[in-house]
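These notes are about the structure you will find just below.
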Amino acid sequence: MAHIALYPGTFDPLTFGHLDMIVRASTLCKKLIVGVAENPGKNPTLSLDKRKELVEIEIIRMKETGSISENVEVQAFTGLLTEFAKLLDASMLIRGLRAVSDFEYEFQMASANKRLHQKLETVFLTASEKQHFVASRLVKEIARYGGDVSSFVPKNVEQELILLFRDKKNI
Ligand code: PNS
């Protein structure tokens, strides 16, 4: 069992697919850190603080309902993932794989991260059957056009998206 595992992502926004990963990854390590990346290259729709806050709310809720134990925490990070992993002393990097289309990007990223930090192992978890097509990009597109995203994201995230796209019609 890994001592410290890092589950990084942009979480723009957090989906039920991410929550499924958090629950399952938390059983593979003594401590799981959910790392919310600033990721300016992806030009996130939600601010880093808001993305972190939405993850935090769900982690607190999942602790209260007993879906996860106290070994999960959230941190935001800027810069290189491998540097953040070194700072945390994480030995395992968790990534989710939904479909074959994810594989090429994930394989490249895992290989590059390995070259930058040899002691960090990337572990892939396959998305659960129910969540395998849920992607933040699709959720945003549905929300932008006023569609119902309640089966993809937690309530707080849904409300945030409704507010955002109501106020900024052109995002
Ligand atoms: O949820 P995402 O958008 O698929 O997560 C991508 C993420 C945040 C893991 C990736 O973009 C990342 O690691 N960003 C930090 C900068 C970095 O280290 N880039 C090089 C990756 S090889």
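For a straight C-alpha distance cut-off of 14 angstrom, the aspartates and glutamates reachable from LYS155 (same-chain residues fewer than eight places away being disregarded) are GLU53, GLU56, GLU58. Rank THR65, THR27, THR126 by mean-square fluctuation in a GNM of the chain with C-alpha springs under 10 angstrom and give only the top-ranked residue. Per the Cα network of the chain with a 10 Å cutoff, THR65 tops the list.
Dividing the convex hull volume of the alpha-carbon atoms in the range 65-134 by its residue count gives 123 Å³ per residue.
What the phi angles of the range 118-129 give under the Karplus curve with 6.51, -1.76 and 1.60, with θ = phi - 60°, is a coupling list of 4, 7, 9, 9, 8, 10, 9, 10, 7, 5, 5, 3 Hz, glycine and proline written as x.
When the alpha carbon gyration tensor of the range 40-80 is reduced to an equivalent ellipsoid, the three semi-axes, largest first, read 24, 11, 7 Å. If R0 is taken as 41 Å, the Cβ-Cβ distance between GLU106 and ARG166 corresponds to a FRET efficiency of 0.75.
Counting only alpha carbon atoms, the long axis of helix 155-167 and the longest principal axis of the chain meet at about 50°. Residues whose amide H falls under 5 Å from that of LEU97, counting only those 5 or more places apart or on a different chain, are LEU125, THR126, ALA127, with hydrogens built in the peptide plane. Ranked by how many other Cβ atoms sit within 10 Å of their own Cβ, fewest first, the residues LYS86, LYS50 fall in the order LYS86, LYS50.
About its Cα centre, the dipole of the range 2-129 is roughly 280 debye, where the only charges are +1 on Lys and Arg Cβ and -1 on Asp and Glu Cβ.
For the range 91-171, applying the loop criterion from DSSP together with a ceiling of 16 other beta carbons within 10 Å to the chymotrypsin sites (Phe, Trp or Tyr not before Pro) yields PHE133, TYR145. For the range 2-129, what does the alpha-carbon gyration tensor say about shape, rounded, prolate or oblate, given a ≥ b ≥ c as the root eigenvalues, a/c under 1.5 as rounded, and a/b over b/c as prolate? Rounded shape, in that the Cα axes give a/c under 1.5.
Mean residue ellipticity, 222 nm, helices only, the chain: the sum of -39500 (n - 2.57) across DSSP H runs of n ≥ 4, divided by residue count and rounded to 500, is -14000 deg cm²/dmol. Taken one residue at a time, the phi angles of the range 24-31 give Karplus couplings (6.51, -1.76, 1.60, θ = phi - 60°) of 6, 5, 5, 8, 9, 8, 6, 9 Hz. Gly and Pro are set to x.
Every read-out reported here was derived from the displayed coordinates using simple, explicitly stated rules and does not represent laboratory data. Being a predicted model, the structure only gives us computed values, none of them experimental. Glycine gets a Cβ as well: all are built from the backbone with ideal geometry, and neighbour counts include every protein chain shown.
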